[in-house]
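Student: Sharing a structure below in structure tokens format, with a few things to ask.
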């Protein structure tokens, strides 16, 4: 199940509450993000939370706050810390690896 959140909401979930999360940082303006959507949509189908998406505006504070070099970026978080990250060309194998990093096996 995918939940779209704002940066402040995500920070509370990850940093304050220390809950596990898999996060897609993407931009509605980003061509590479649009190309990745079918892979992402297929992969999240049937998955339960904790999966989040943040729409990153050009030049927005999210770039600095989440240390983004490029989008799309997928990051996994657990215990208040980042456990792994991939960006650019992202495969289902990458997604499975990040998912397992936060204690999810399905």
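Student: What do you get for Rg/Rh over the stretch 2-101 if you use C-alpha atoms and the Kirkwood form of Rh? Intermediate results must be reported in sequence, preceding the final value.
Tutor: Working: Rg = 12.4 Å, Rh = 13.4 Å.
We get a ratio of 0.92 for the stretch 2-101.
Student: What percent do you get for the relative contact order of the chain when only Cα pairs under 8 Å and 6+ apart count? Working shown, then result.
Tutor: Working: 176 pairs, mean separation 37.1, N = 106.
Reported as a whole number, the value is 35 percent.
Student: Give me the one-decimal nm value for the distance between modelled label points at residue 61 and residue 17, 7 Å along each residue's Cα-to-Cβ direction.
Tutor: 2.1
Every number here is computed from the coordinates shown, using simple stated rules; none is lab data. The structure presented is a predicted model; accordingly, all values stated were derived computationally and were not measured. For neighbour counting, all protein chains shown are included, and Cβ atoms are generated from backbone atoms with ideal geometry for every residue, glycine included.
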